[in-house]
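First up is the structure itself, then whatever we jot down about it.
The values are calculated or read from the model by the stated rules, or taken from the named source; none is laboratory data. What you see is a predicted model, and the numbers here were worked out from it, not measured in a lab. Glycine also receives a Cβ, built like all others from the backbone with ideal geometry; neighbour counts cover every protein chain displayed. The protein model used for the area step is the full one, side chains on, heavy atoms only, and it has no ligands, DNA or RNA in it. Shrake-Rupley method; radii C 1.70, N 1.55, O 1.52, S 1.80 Å.
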Amino acid sequence: MMIPTAEWIKLWNEKKTLLACPNNLNDYFEKQNLAGKTIDHLELGSVSIPSGEILVRDPLVYINKDAEPYLYKVPVGEFPVTAAVVVPDDEDSARYAAVKVQFTSNDAIRFEEALIGTEDLANFSEGEFFGFNVDAGLGCVLDAESLKAFCTFQDQFLAENKDKNLYDDYFAALFAKNYEENPTYQREGGDWLNWKIPGTDYNIPFFQSGFGDGAYPVYYGFDANDQVCCLIIQFIDIELAYRPDPEA
């Protein structure tokens, strides 16, 4: 895990208010309607957290052994993962607005962006976020130990399949199978998958990234005792994306 400099820590403490989520992310998982859109919830299985060092990555583009976990460690174990889904209408397919990992039974009373300790905080200002990059329309949440196992699997697969592609020749069939078994809020071909890394007991949930490629913020939820109780990936600011324009 990255050890941030004293200067970075100082800036981090100074800019905590700017790193707070502008939305109440609890609403995504507790309400059935936001900005005129129906919200439903989809269980994605569990994620394995063997070390407590957690990451969020694009599983097809940004899985590499040098990826750094977030600064705050989380509880160790298997934890449920839930997607808040904007229910599809005639004009659009289902969109995963947020994905939550729940670590404890406590409720979050504040949300703060998850960082790794190297971000440029000096030039960070209100309305901005750092987030993680998506280039394949997918995100995943995993642990530093499962990352190592993922990298080992990836390297071995590519070494043994010189002319093949990890998605087309491995994951696509698994996504399609999951769609057949769990079609709710999935497009044909699959929008999510809970993958157990072969040869391990590590579960990694993959999920569609809301509006596709881009950069998306990740937030820790803190309870009344200021302890981490959940992690939420926000793919869509529902109020911003769907609230009708009063001037339209």
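One table, with the values for the structure above:
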item: Percent RCO, i.e. relative contact order, over the chain, from Cα pairs under 8 Å lying at least 6 residues apart; result: 28 percent
item: Cross-link table Lys10/Lys73; Lys37/Lys196; Lys73/Lys196; Lys100/Lys162, entries beyond 29 Å C-alpha to C-alpha; result: Lys37/Lys196; Lys100/Lys162
item: Reachable aspartates and glutamates from Lys16, criterion Cα separation under 17 angstrom, eight or more residues apart if same chain; result: Glu7, Glu112, Glu113, Glu119, Asp120, Glu126, Glu128, Asp223, Asp226
item: Distance (nanometres) between label positions extended 7 Å along Cα→Cβ at Asp226 and Asn33; result: 3.9 nm
item: Whole-number percent relative contact order across region 1-134, with pairs defined as alpha carbons under 8 Å at least 6 apart; result: 33 percent
item: Cα-based equivalent ellipsoid, the chain: semi-axes from gyration tensor eigenvalues, Å; result: 27, 25, 17
item: Residues of region 80-228: accessible area per residue with a 1.4 Å probe, Å²; result: 47 Å²
item: Gain in span if fully extended, Ile9 to Leu240, counting 0.36 nm per residue against the direct Cα distance; result: 80.0 nm
item: Accessible area of region 1-126 belonging to carbon and sulfur atoms, whole % at 1.4 Å probe; result: 49 percent
item: Two-decimal Rg to Rh for region 155-248 - Kirkwood Rh, Cα set; result: 1.09
item: Calculated SAXS-style log₁₀ I(q)/I(0) at q = 0.15, 0.23, 0.27 Å⁻¹ - region 1-85, Debye, Cα scatterers; result: -0.89, -1.21, -1.23
item: Accessible area in square angstrom per residue, region 1-76, 1.4 angstrom probe; result: 51 Å²
